Amino acid sequence: MPSSILEAMIVASLTGGSILRKYFEKEKFSVVQKSVSYDLVTNIDKESQDKINEILTNRFPDIPVVGEEGSIQVGKQSRAFYVDPLDGTFNFVHKYPFFSVSLGYWEENVPVAGVVFDPIRRDLFYGQKGEGAFLNGERITVSDRTTLEGSYLVTGFPYKEGKHPRIEKEIGSVMKLTDLRVLGSAALELCYVACGIIDGYWEYDLSSWDLAGGVLIAKEAGAVVTKPNGEDFDLFEGDVLAAPPAIHQKLLEALKH
Ligand code: 2AM
Ligand code: CA
Ligand code: CA
Ligand code: CA
């Protein structure tokens, strides 16, 4: 049975997702550039954030919300909801139907509950610590592939320029072994690792709200989640490598340089 925290997160994700779907299909929205030309935000990101924050704080007024487009502070707390109201804004703006709403609930540095909703496919991924991961009510597990050759690997391009040489080298190593994709929604990419579509995924410089939900779901589905250099994952450092155990080991080796 989902806990009341997970239930509230599911309701919030479905509500945020229905706002995204409505505007994606029909209505106009306004786009603002945040930093570089591909770092965008729309009024829909904000509308989704406001609605999600309202739902979470109505039910759990004592838990802070850390959101990409708006946070709610309630004093010093070691637990929080981490919310990305639209993960994959660049895809959304370009009408490429691959984006999500992402929510994670963490206590200290421990993931407790996660929900990622893809409003286009109506795919609801969720999980709780120690209770497994689910897609639309069905239990999901990572892929059973054990070799990098022929596996479906995914990464992302960091927005910070200083990081480009490292990722270029890594992409070069991996492309000798298999094909590589960049799909554009970190939260959904982690869920695709969880359900076995993606065999391995790594990316740098993400934020807590990109990762908090998907990392829990991937771990509960059997993925090993670390930094790309093999160190323990840290929600606030934003570097991630997620894969089934055998692929994780081999991908770590392939990324070494
Ligand atoms: P967003 O759509 O919520 O902004 C796309 O490459 C993925 O990286 C998305 O999950 C996107 O989240 C995220 N992302 C956003 N800003 C980023 C940044 N400054 N550096 C790296 N990735 C970023
Ligand atoms: Ca963003
Ligand atoms: Ca994001
Ligand atoms: Ca976002």
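The values are calculated or read from the model by the stated rules, or taken from the named source; none is laboratory data. Here the structure is a predicted model, which means the values were calculated and not measured. Because the Cβ atoms are built from the backbone with ideal geometry, glycine has one as well, and the counts that use them run over all protein chains shown.
Would region 108-117 turn up any residue that is of a type in the set (Gly, Ala, Ser), under 16 Å from Leu6 (Cα atoms), at pLDDT 95 or above and within 16 Å of the chain's Cα centre (by Cα)?
Taking region 108-117 first, the residues of a type in the set (Gly, Ala, Ser) are 113-114.
Adding the requirement that they be under 16 Å from Leu6 (Cα atoms) leaves 113-114.
Narrowing further to those that are at pLDDT 95 or above: 113-114.
From the residues that got through so far, the ones that are within 16 Å of the chain's Cα centre (by Cα) too are 113-114.
Yes.
From the residues in region 45-62 that are closer than 20 Å to Ala187 by Cβ and more than 14 Å from ligand 2 (Cβ to nearest atom), which one is surrounded by the most Cβ atoms within 10 Å (Cβ to Cβ)? Break it down stepwise before answering.
Step one: list which residues in region 45-62 are closer than 20 Å to Ala187 by Cβ, which gives 45-53, 55-56.
Those left that are additionally more than 14 Å from ligand 2 (Cβ to nearest atom): 47, 50-53, 55-56.
Numbers: Glu47: 19, Asp50: 16, Lys51: 16, Ile52: 29, Asn53: 21, Ile55: 18, Leu56: 24.
The residue in question is Ile52.
Find the helices (runs of 4 or more DSSP H) located wholly in region 159-228 whose residues include 1 or more that are within 16 Å of ligand 4 (Cβ to nearest atom), and list them.
Working: elements: 164-175, 186-194, 208-220.
Correct list: 186-194, 208-220.
How many residues are more than 14 Å from ligand 4 (Cβ to nearest atom) and either more than 21 Å from Glu108 (Cβ to Cβ) or in a strand (DSSP E or B) (or both) if we restrict to region 66-89? Show your work before the answer.
So in region 66-89, the residues more than 14 Å from ligand 4 (Cβ to nearest atom) come out as 72-81.
After this cut, where a residue has to be either more than 21 Å from Glu108 (Cβ to Cβ) or in a strand (DSSP E or B) (or both) as well, the list is 72, 79-81.
The total comes to 4.
Show the residue pairs that are 6+ apart or on different chains and have beta-carbon atoms under 7 Å apart, the first residue being within region 144-165 and small (Gly, Ala, Ser), the second being within 11 Å of ligand 1 (Cβ to nearest atom).
Gly156/Val182; Gly156/Ala186; Gly156/Glu203
Please go through (1) charged (D, E, K, R); (2) over 21 Å from Gln249 (Cα atoms); (3) away from ligand 3 (no atom under 15 Å from the Cβ) for Arg166 and return the number of the only condition it doesn't satisfy.
If we test Arg166 against (1) charged (D, E, K, R); (2) over 21 Å from Gln249 (Cα atoms); (3) away from ligand 3 (no atom under 15 Å from the Cβ), just (2) comes out false.
Determine, yes or no, whether Ser102 is more than 15 Å from ligand 4 (Cβ to nearest atom) and either modelled with pLDDT under 95 or within 26 Å of Ile5 (Cβ to Cβ) (or both). Break it down stepwise before answering.
Numbers: more than 15 Å from ligand 4 (Cβ to nearest atom): no; either modelled with pLDDT under 95 or within 26 Å of Ile5 (Cβ to Cβ) (or both): yes.
No, not satisfied.
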